[in-house]
Amino acid sequence: MELRKRRRISSSATVSVERFLNRTEGCKNVIVFTGSGLSAASGMSMFSTRNGLYERARKKFKIQDGIKLFTYSFYKQRRADVQAFFAQIYSEAQASCAAPGHHALATISGLHRIKRHYTLNIDGLAEVVGIDTWHHENNPQGVTIEMHGNIRQLVCPTCHAVEPLSRTHITTMRGLQAVPCRRCHQDEMRFKVMLYDDDQGDCITPEHVFETLEEDLEAADLVLWIGISFEQSASVEYFRRVRSILASQGRLEIVQQAIINPSDDAYFNILSSVCNIDELRVMDVRTQADTLLPLLASRMQAHAAGAPCPAMPGHSNGGVVDAMSGGAVSSPLNGHSSHQLYQGAGVGSRGERDDEQAGDGPYTSSTRAVRAAARFHANVGYGELSNSDSSSSNEGGSFEFKGSGSYSSGRG
């Protein structure tokens, strides 16, 4: 399959960190969706990266595609082997540490600004920093909903009993033995992790989740998509569902939305997978979660106290950094403070200024970005992105599209 090169997206959707903070610091009912990017600095392996979980699974089980290990059909065939592999992931989660982004989310939650936190991650780090977990019966007011489960827990598919993992469980699984349920005594306790095409998915993510989402969106004033690449079908479906619910409520143009990701790939993937892209009103904030969330927490604390908002380094209070020159913020991973802002060539524009970006217009993709996306659709068909057969690079930005079919990719 021929790889097609795409240009960097430069659009009026791209906003600076300062502009994003100015527009969101007063929000009181925030819906947060988080993906693997939030845990990038926590020590957890990613799924589809080099030497990630898919590649390790492929090598260990000698299968053509490591994603197969995370399918329910493979689990049924080799349950003990899959459980043993998940036990290794659990050990990794136990050794991981919450990142600055996790702690900032906990701070924002403590201010009662987060209506709900929907996470695609299975590391359980939101609970580690003290954000309580939702349960449709036991804790319906809980903040974090674990859409894909939690590697730190076992669940019984028969009676839905949940148990925290213990050393005894891990030893049993690494010995390729079944773990019995203490409530119903069935020998089928499994990791509480959603698999692809999971026939037992109701014990991981009950349907009540989407009823809760609809109720949450009735009161939401901001939806954040943090550390999600939109390279897989689940995350894109969540995005589409949110848009559909907001549209049915007549609130699509009222509720602000923002994608927080240092790469323009996330925004491009959304442009390539939704209809009516000229009506897409989403802020594209290209920076790390560990950089942005502490700043947002600080702003919201100041706003709640009625104090002047903290100034960005090098700028007076209320000063607006240009949408392109200020869109990039140094990451703690690069040895800089999370509050240290650097200016430089425009993110996504190679230094070329788009005059449309200087204004405060709606968060719609610019004519140039819309036409670029339209050209891709015309050239290769309105197909879905296939991560298993494609490659992406921050420098080259190459993607491969299929003319039809569904996503086949990573977890975030």
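Laboratory data are not the source of any read-out in this text; all were calculated from the coordinates shown. Values in this document were obtained by computation on a predicted structure and should not be read as measured data. In this analysis, Cβ positions are derived from the backbone assuming ideal geometry, glycine residues included, and neighbour counts consider all displayed protein chains.
Each 5 Å bin, from zero up to the one with the longest distance, holds this percent of the alpha carbon pairs of segment 163-245: 3, 10, 16, 18, 16, 10, 11, 10, 6, 1. Return the subset of 62/115; 60/115; 115/192 for which the Cα-Cα distance in this structure is over 32 Å, preserving the input order. Going by Cα-Cα distance, 62/115; 60/115 fall outside the 32 Å limit. Treating each Cα of segment 122-217 as one equal point scatterer and applying the Debye formula with no solvent, the log10 of I(q)/I(0) at q = 0.15 Å⁻¹ comes out as -0.63.
The charge dipole of segment 170-305, taken about its Cα centre with unit charges on the Cβ of Lys, Arg, Asp and Glu (plus for the first two, minus for the last two), comes to roughly 520 debye. The ranking of 243, 50 by Cβ neighbour count inside 10 Å, starting from the fewest, reads 50, 243. Among 150-161, 130-141, sorting by the average number of other beta carbon atoms lying within 10 angstrom of each residue, highest first, gives 150-161, 130-141. Of interest is the spacing of the C-alpha centroids, which for segment 284-308 and segment 196-238 amounts to 24 Å. Using a cut-off of 15 Å between beta-carbons, work out the net charge of the residues near residue 242 (Lys and Arg +1, Asp and Glu -1, residue 242 not included). Here the count lands on -2.
Counted by Cβ distance under 10 Å from residue 295, the other residues give a net charge of -1, where Lys and Arg count +1 and Asp and Glu count -1.
Think of segment 137-189 as a dipole: +1 on every Lys or Arg Cβ, -1 on every Asp or Glu Cβ, centred on the Cα centre; then among 160, 186, 141, 186 lies furthest on the positive end. Which net charge results when you count Lys and Arg as +1 and Asp and Glu as -1 among the other residues whose beta-carbon is under 9 Å from that of residue 30? Neighbourhood net charge equals +3.
The base-10 log of I(q)/I(0) for segment 123-166, evaluated at q = 0.24, 0.34 Å⁻¹, reads -0.97, -1.28 [Debye formula, identical scatterers on Cα atoms, solvent excluded]. Each of 273, 244, 16 was scored by other Cβ atoms within 10 Å of its Cβ. Listed from fewest to most, they are 244, 273, 16. Counting neighbouring Cβ atoms within 10 Å and putting the fewest first, the residues 287, 34, 168, 71 line up as 168, 71, 287, 34.
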